[in-house]
Amino acid sequence: MKPPTSPTPDRATPGPLAAFARFVAFGGGTGVLSGLAVPLLAALMPWALSNALITIASTVLCTELHARYTFRTGGRAGRREHWQAAGSAAAAYATTSMAVFALHAIQSAPSMLTEQLVYLSASGLAGTGRFVILRLFVFATGTARETTKPAPLPRPRRTPTAATGLTAVLSTG
């Protein structure tokens, strides 16, 4: 797996509006497909497991799409980016799960349309939070990343001592 590199000059990092538009297109498109896949898969297994499996698959796919096209990092997402994106996806999973569980607590047998509206609304809220996290922390490049690095510590000066002077004399002579 090739580590991510800095963007090439002809593929500069997009501004926040362009990045958000791409994020919505890739993340939202994947989210809509996930929203359709979760209840279909839930017919074969518990809903929470279905949501978890679809969340994992869509997170891996979206992390790659966001690295390459949304934030244009210049390469594939590395392990660090996948793990950090997985952390934000875990929060999104919790948000969507809580929303659907709350719906089922209020209405014992909601229609698939109602369930989809709740799920996609929660996904949209979680997705907005994920965009901020991914842009500012996971895929930050250039000045955004450089400003978070601590300044290097000054190197200590070595002052000659009698012992080092004696060692130098003995070793030369």
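A short reminder: the numbers here are calculations on the coordinates, not readings from a lab. Since the model is a prediction, treat every value here as computed from it, not as a measurement. Here the Cβ positions follow ideal geometry from the backbone for every residue, glycine too, while neighbour counts run over all protein chains shown.
Below, the figures for the structure above:
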{"quantity": "Tensor-based shape of the stretch 17-81 (alpha-carbon gyration tensor, a/c under 1.5 rounded, otherwise prolate or oblate)", "calculated": "oblate"}
{"quantity": "Hz values of 3J(HN,Hα) by residue in the stretch 117-132 - Karplus curve (6.51, -1.76, 1.60), Gly and Pro given as x", "calculated": "4, 5, 4, 5, 5, 5, 5, x, 5, 5, x, 4, x, 5, 4, 4"}
{"quantity": "Spin-label zone in the stretch 25-69 - amide nitrogen under 20 Å from a point set 7 Å from the Cα of residue 90 along the C-beta vector", "calculated": "48-64"}
{"quantity": "Length added when fully stretched, residue 83-residue 109, from 0.36 nm per residue minus Cα-Cα", "calculated": "5.8 nm"}
{"quantity": "Length released on extending from residue 33 to residue 64, taking residue separation times 0.36 nm less the Cα-Cα span", "calculated": "9.5 nm"}
